[in-house]
Amino acid sequence: MNKTIRSSALTRTRLIEAASQVFASLGVQGATTREIARVAGVNEVTLFRHFANKEQLLGAVIKNALALQTEALAHPQVWTQDLKIDLRQYAHLYNTMLEAQEDLIRTFIGEAKRHPEEAKQVIQEAAKPLGEKLVAYLQSSQRLGTVRADLDLFPAVDMFKGMLLAGMLCRSANFNQGSYSCEDYIETCVDIFVDGIIATPFSVVNTAVNHDF
C-alpha cells in the first residue's frame with residue numbers, strides 16, 4: 001500500500017513538473033494534456049487520474065511554484081515585527097520564487113490578455129496565498145500602530161510585489177541601468193516601501209483628525 005501511495009505521489013510530481021515546462025514553452029492556450037503526459041513519460045489516462053483537466057494542472061503548477069515561500073511565511077515566529085527585517089525576508093523569498101519561475105512568469109505575462117477567463121481565475125486563486133500572508137502581517141502591524149492606519153494594504157502589497165517582479169525582469173534582460181546588484185535593488189525596494197507605509201506621529205494625528213470628521 002505504501003509503495004502504491006509513494007508511486008502515485010511521484011507520478012503526480014512528475015506531471016506537475018512536466019506541466020510547468022510545457023506551460024512555460026507553449027503557454028496556457030498552447031499546452032495540451034497530451035503533451036504534458038508525453039513530457040512526464042505517462043499516458044493521458046494516467047494524467048486524468050490525477051487531474052481532471054488542464055486548469056487543475058495549472059493551479060497545481062502555481063501552488064507548487066509558491067509552496068516553499070508560502071510555507072516559510074506560514075509560521076508566526078518568522079515575523080519579528082521589525083518592518084525592515086520582515087519585509088527584507090519576504091522580498092528575498094519572493095525574489096527567489098520569481099527567479100526560479102522566470103520562464104513561466106514571462107509566458108503568463110506575454111499571453112495574459114488571451115488567457116481564458118477560467119485560466120485567469122485559476123492563476124489568481126493559486127497565487128493569492130502568498131500575497132495574503134503579507135497583507136495579514138501588515139494588518140497586524142496596523143493594529144500595533146507601526147503601519148499607517150489609513151493605508152489600503154491590498155494595492156500597497158501589489159505595488160511591493162510589482163517592484164520585485166519588475167526588478168527580476170529587468171535584471172534578466174540586462175535592462176538595469178548602472179552596476180548595482182540584486183541585493184542593492186531589493187534593499188532599495190524595501191527602504192522605499194517601508195518609508196511609505198510606516199506610521200509617523202504626523203500620520204497618526206492626521207488619521208485621528210480624519211476620523212473625527
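The helix-based estimate of mean residue ellipticity at 222 nm for the chain, built from -39,500 (n - 2.57) per DSSP H run of four or more residues and divided by its residue count, is -26000 deg cm²/dmol to the nearest 500. Residue separation of Lys63 and Gln29 scaled by 0.36 nm, minus their Cα-Cα distance, works out to 10.3 nm of gained length.
Full extension of the segment from Asp82 to Thr13, taken as 0.36 nm per residue of separation minus the current Cα-Cα distance, would add 21.1 nm. In the context of the full set of protein chains, residues of segment 1-51 present 62 Å² of accessible surface per residue (probe radius 1.4 Å, heavy atoms only).
On the basis of the beta-carbon distance and an R0 of 30 Å, Asn2 and Glu55 show a calculated FRET efficiency of 0.45.
If you run the Gaussian network model on the chain, springs between alpha carbon atoms under 10 Å, then out of Arg14, Arg148, Arg114 the most flexible one is Arg114. What you get for the chain, charging only the Cβ of Lys and Arg (+1) and of Asp and Glu (-1), is a dipole of about 1000 debye around the Cα centre. Compared with the alpha-carbon gap, the fully stretched path from Asp152 to His75 is longer by 25.3 nm at 0.36 nm per residue. If you take the Cα centroid of segment 145-168 and the Cα centroid of segment 181-195, the two points sit 13 Å apart. Apolar share of the accessible surface for the chain: 55 percent from carbon plus sulfur atoms, 1.4 Å probe.
For the chain, relative contact order (Cα pairs under 8 Å, six or more residues apart, normalised by length) works out to 22 percent. Quick one: among Lys113, Lys128, Lys63, which has the greatest mean-square fluctuation in a GNM of the chain with alpha-carbon springs under 10 angstrom? Result for the chain, Cα springs under 10 Å: Lys113 fluctuates most.
The values are calculated or read from the model by the stated rules, or taken from the named source; none is laboratory data. Since the structure is predicted, the reported quantities are computational estimates derived from the model, not experimental observations. Backbone-built Cβ (ideal geometry, glycine too); neighbour counts: all protein chains shown. Quick note on the areas: whole protein, heavy atoms, side chains included, nothing else; ligands and nucleic acids left out. Shrake-Rupley method; radii C 1.70, N 1.55, O 1.52, S 1.80 Å.
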